[in-house]
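Single-structure report; data block below.
The values are calculated or read from the model by the stated rules, or taken from the named source; none is laboratory data. It should be emphasised that the depicted structure is a prediction, and the values quoted were computed from it without experimental measurement. Note: ideal-geometry Cβ built from the backbone for every residue, glycine included; neighbour counts use all protein chains shown. These area figures cover heavy atoms from the full protein model, side chains too; ligands, DNA and RNA do not enter into them. Shrake-Rupley method; radii C 1.70, N 1.55, O 1.52, S 1.80 Å.
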Amino acid sequence: MPHQRRIEGLIADMTLEEKIGQLGAFADALRPFAFEVNPETFARDAEQVREQIRSGRVGALFNGVGAAEGREAQRIAVEESRLGIPLLLGADVIHGMRTVFPIPLGEAASFEPDLAERTARATAKEATAAGIHWTFAPMVDIARDQRWGRVAETSGEDVYLTCEFAAARVRGFQGADLTAPDSLLTTPKHFAAYGAISAGLDYNFVDMAPQTLRDVHLPPFKAAIDAGALTLMSSFNDINGVPASANRELLTDILRGEWKFEGFVVSDYTSDLELVAHGYASDEADAAQKALSAGLDMSLQSGIYAGHVATLVEQGRLTMAEVDEAVRRVLHVKAAVGLFDDPYRCLDAEREADQSHIPVHDALARDCARRSIVLLKNDGDLLPLKKSGQRIALIGPFAQDTANLGGCWNIFGDAARMIDLETGLLAALDDPSALTIVPGSGIEEALDGGIDAAVAAARGADVVLLAVGEPHEFSGEAQSRTQIVLPAPQQALAEAVAATGTPVVVLLRNGRALALEGAVRDAQAILVTWFLGTQTGPAVADVVFGDYSPSARLPVSFPQDAGQQPYFYNHPASGRPNVPGTPRAFQTRWREVTHAALYPFGHGLSYTRFDYGVPQLSTGALGWDDTLTIRTRITNAGTCEGEEVVQLYLRDRTASRVRPVRELKRFRKITLAAGESQDVEFTLTRADVEFHGVDNRPVAEPGLFDLWVAPSSAVGEAVSFELLPR
Ligand code: NOJ
């Protein structure tokens, strides 16, 4: 193992300061770019960072871009620092680089992990061309509370769907060979349970059963690691009183002990220092000691390792062995991505110029965007619209908006290539004069005369496309909302437009599930368009005019009312379940609204319809070590080709801990021509019914299970099978 020898040789040679240097990542002041994504980013200026590199006091830089400047930083590290250890250059490259793909939540709605793998691959090509080795993605947190601003960055509320997307994105970003010039090292984040912050309030506490942590929040990290991820980012939150960034159980016992993870863990931005504010550490030194000894290898931006680890070692509060172990992990990752063999990988200015726009990525962005659009309702088959012979009014603050196409993590996107709704729709129409465009309202404020103009346009049209929703800054870090509804001026616009009687198609822009109200909720048709990225306009036009039949499904439940949060389909069974169609007193219910989702997880329509046969099981009695095969006939019973997401859910009828009312276990997207049928086959084994028992160990319990093969989490007829004892 030449790398191992080299790493051990380096560790033997390194001064304590040089070791600590490898454990620090700092904002890239040499090629500063992302100014607003973190507080007080550029505390150190370019000259200070150059000096840090020269003296071996930094291991990684982040959120800079540019091959030539990156090459110069690397040259200083390799040629001017004593040991010549290369820098790792990281960045938040989340859902696209120059080409912006849909927000992760939108892409998850495609229910096509292989699509996410392809967009991640494309993103990796663009990012590595621009001087970036390492992305702080994918985010694999589970989002069960839609008030949280970071729902947009997740794959939604489901564990299995999130695991599938986590693994696909890791495969896509990294590619088959970590040392390839277009391989982008990943950082699944935020370890762990960040999505479970109380009340959906960012940075808030997490108080949860250890079994829920294991059943719900940890599996996506395991899936990402199994797919090859070599770094993780610790989260800001505490879990049951222990901050994740100093959580030995998570960072060492589970990650290294149980999962045999060989990479390194980086803190979130200053999350190690924040142990002090949590009241978990008395001062910076105490925070550094607690974080490092718990297994947090690299400190992102706070500087507390640089400031205190040497003294901690001198005082005997940290051992040299603990420091060496963290350094070993960091160097191991640097070696694994090929930096020791080629420190200048990803730092080629010619390649950057050549690949600043890769035209095939536009086509991929358009395809991904249209595959992410969810058709919630389509009364009277109002959609698709006609490309001629129909007068269309495009109304709403997002009609001509270019500022809110990219979503909350659009740091490096090419603004000049963003295509808005107006441009996309006009390009698709046979007769562009059929389209009238009126903003009607601002995003959060009314426009003088806006509603009158919108009403006039609606009256003169056969159909209204109403482009309403959230601006991108309602999503992302520290953007929790109490009311997940449309801003009042937009709701007023929707009411006035609907009152004209002209049929309305809502084009919803959103980074979370919203509580739809009034005229928006009652519109004849609703398309969920998230933040779709570079190709927003063309993708929406493809769906609106029927060049593409929608195929996406909700990765988050749309509630009846904002006050129901946290609201998710796979909740534990209540002792007084809500049974639709029975008297509601003394049931699990809300006074004001029905309990059922307005649009459940997994829901989505297309321009055709699908019939489901009864699932045929290979056996009703599954042997302990056997495989159950489930075959279901799906028929396209409509008049055009379409894609269906066939979903398999399970429920454990009786168990030693209360189990979810339903859980997604498999899904497959299939394409069927009008009238065509296909038998869709899934297999399950005992592993698919495992959960963590009272002793917090994985267990599968013999007994009866209900199984649905259905078009959403809320419909279908159950069939059952029994898992036989060992
Ligand atoms: C804080 C965010 O929580 C994290 O997701 C991001 O990667 C870092 N800032 C670095 O920008």
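Summary table below
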{"read-out": "Residue in region 305-323 that is within 16 Å of the ligand (Cβ to nearest atom), crowded, with 24+ Cβ neighbours inside 10 Å and in a helix (DSSP H, G or I) present", "value": "no"}
{"read-out": "Odd one out for residue 36, checked against (1) touching a residue at least 12 places away in the same chain (Cβ under 8 Å); (2) open to solvent by 20 Å² or more (accessible area, probe 1.4 Å); (3) within 14 Å of the ligand (Cβ to nearest atom)", "value": "(1)"}
{"read-out": "All positions within region 28-61 that are over 15 Å from residue 86 (Cβ atoms), under 28 Å from the mean Cα position of the chain (by Cα) and at pLDDT 95 or above", "value": "none"}
{"read-out": "Where residue 262 falls short, out of the listed (1) within 12 Å of the ligand (Cβ to nearest atom); (2) surrounded by fewer than 18 Cβ atoms within 10 Å (Cβ to Cβ)", "value": "(1)"}
{"read-out": "Among the residues listed as 296, 292, 331, 347, the single one being within 16 Å of the ligand (Cβ to nearest atom), surrounded by 18 or more Cβ atoms within 10 Å (Cβ to Cβ), of a type in the set (A, V, I, L, M) and closer than 23 Å to residue 187 by Cβ", "value": "296"}
{"read-out": "Enumerated helices (runs of 4 or more DSSP H) restricted to region 60-175, each holding at least 1 residues that are more than 22 Å from residue 474 (Cα to Cα)", "value": "67-75, 113-129, 159-174"}
{"read-out": "Whichever residue in region 265-289 is among the hydroxyl-bearing types (Ser, Thr, Tyr) and closer than 21 Å to residue 221 by Cβ and, among such residues, is surrounded by the fewest Cβ atoms within 10 Å (Cβ to Cβ)", "value": "269"}
{"read-out": "Residues being surrounded by 16 or more Cβ atoms within 10 Å (Cβ to Cβ) and within 16 Å of the ligand (Cβ to nearest atom) - total across region 43-57", "value": "1"}
{"read-out": "Test for residue 613: is it surrounded by fewer than 15 Cβ atoms within 10 Å (Cβ to Cβ) and under 27 Å from the mean Cα position of the chain (by Cα)", "value": "no"}
{"read-out": "Top-ranked residue of region 234-250 - restricted to ones that are under 18 Å from residue 301 (Cα atoms) and either assigned to a helix (DSSP H, G or I) or within 22 Å of the chain's Cα centre (by Cα) (or both), ranked as farthest from the ligand (Cβ to nearest atom)", "value": "246"}
{"read-out": "Condition check for residue 179: farther than 24 Å from residue 696 by Cα and within 14 Å of the ligand (Cβ to nearest atom)", "value": "no"}
{"read-out": "Tally of residues being assigned to a loop (DSSP other than H, G, I, E, B) and crowded, with 22+ Cβ neighbours inside 10 Å across region 363-384", "value": "3"}
{"read-out": "Residue check for residue 687: closer than 30 Å to residue 520 by Cβ, open to solvent by 30 Å² or more (accessible area, probe 1.4 Å) and without any contact (Cβ under 8 Å) to a residue 60 or more places away in the chain", "value": "no"}
{"read-out": "Residue satisfying condition, being in a helix (DSSP H, G or I) and either closer than 25 Å to residue 58 by Cβ or in contact (Cβ under 8 Å) with a residue 60 or more places away in the chain (or both), within set 273, 255", "value": "255"}
{"read-out": "Residue match in region 407-418 (condition: among the hydrophobic types (A, V, I, L, M, F, W, C), open to solvent by 30 Å² or more (accessible area, probe 1.4 Å), under 34 Å from the mean Cα position of the chain (by Cα) and over 30 Å from residue 566 (Cβ atoms))", "value": "yes"}
{"read-out": "Flag for residue 29 being touching a residue at least 60 places away in the same chain (Cβ under 8 Å), open to solvent by less than 80 Å² (accessible area, probe 1.4 Å), small (Gly, Ala, Ser) and more than 21 Å from residue 338 (Cβ to Cβ)", "value": "no"}
{"read-out": "Filter result for residue 154 (within 16 Å of the ligand (Cβ to nearest atom), open to solvent by less than 10 Å² (accessible area, probe 1.4 Å) and over 23 Å from residue 646 (Cα atoms))", "value": "no"}
{"read-out": "Some residue of region 87-96 being surrounded by 24 or more Cβ atoms within 10 Å (Cβ to Cβ), under 21 Å from residue 310 (Cα atoms) and within 14 Å of the ligand (Cβ to nearest atom)", "value": "no"}
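This table checks each residue for (1) more than 29 Å from the chain's Cα centre (by Cα); (2) within 24 Å of residue 550 (Cα to Cα).
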residue: 648; (1), (2): no, yes
residue: 656; (1), (2): yes, no
residue: 668; (1), (2): no, yes
residue: 677; (1), (2): yes, yes
residue: 688; (1), (2): no, no
residue: 691; (1), (2): no, no
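One line per residue, one yes/no per condition, for (1) touching a residue at least 12 places away in the same chain (Cβ under 8 Å); (2) more than 19 Å from residue 387 (Cα to Cα); (3) more than 16 Å from the ligand (Cβ to nearest atom):
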residue: 409; (1), (2), (3): yes, yes, no
residue: 414; (1), (2), (3): yes, yes, yes
residue: 443; (1), (2), (3): yes, yes, yes
residue: 448; (1), (2), (3): no, yes, yes
residue: 453; (1), (2), (3): yes, yes, yes
residue: 460; (1), (2), (3): yes, no, yes
residue: 466; (1), (2), (3): yes, no, yes
residue: 476; (1), (2), (3): yes, yes, no
